[in-house]
Amino acid sequence: MPRKYIKIRQHEEELLKMKEQGLTHQEMANRLGYRKSQIKEFFCAYNKRQKKIAAGITIKPKGRPRKDGSNLPPSIQQLSKLTQLQYKLNQQEQHIKQLEMENELMRDFLSL
């Protein structure tokens, strides 16, 4: 994740409020001291992340796992408890589906 993206995510709440007020990307960039392209990239990434969360797709963290032992990615930790629980349930459902598929493959293999 580029450094500029990490810095701009610190202003995530402010940017979302400005978006609700109807400001353009250029106006947001001028107020916060970023370039228009950085604001545009932020909203593209933010929208992708929200679509994945809504669809129940796991957001895999990049790089090495954290030492603090938190199981949820930082993007999910910032959300409400209900959303965090939905995320965990979706992860568990996907894991169960994967195990069922593996089990079915093993049965087919053993039957041959």
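The values are calculated or read from the model by the stated rules, or taken from the named source; none is laboratory data. Just so it is clear, the structure is predicted and the values come from calculations on it, not from any experiment. Note: ideal-geometry Cβ built from the backbone for every residue, glycine included; neighbour counts use all protein chains shown. Heavy atoms of the whole protein, side chains included, go into the accessibility calculation; ligands, DNA and RNA do not. Shrake-Rupley method; radii C 1.70, N 1.55, O 1.52, S 1.80 Å.
Tabulated results
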| item | result |
| --- | --- |
| Selection from the stretch 1-27 of residues that are assigned to a loop (DSSP other than H, G, I, E, B) and either open to solvent by less than 100 Å² (accessible area, probe 1.4 Å) or modelled with pLDDT of 90 or more (or both) | Pro2, His11, Gly22, Leu23, Thr24 |
| Glu41 in a helix (DSSP H, G or I), farther than 23 Å from Glu12 by Cβ and at pLDDT 90 or above | no |
| Complete set of residues in the stretch 33-53 that are in contact (Cβ under 8 Å) with a residue 24 or more places away in the chain and open to solvent by 80 Å² or more (accessible area, probe 1.4 Å) | Glu41 |
| From Asn30, Asn71, residue being open to solvent by 100 Å² or more (accessible area, probe 1.4 Å) and either modelled with pLDDT under 75 or over 22 Å from Lys7 (Cα atoms) (or both) | Asn71 |
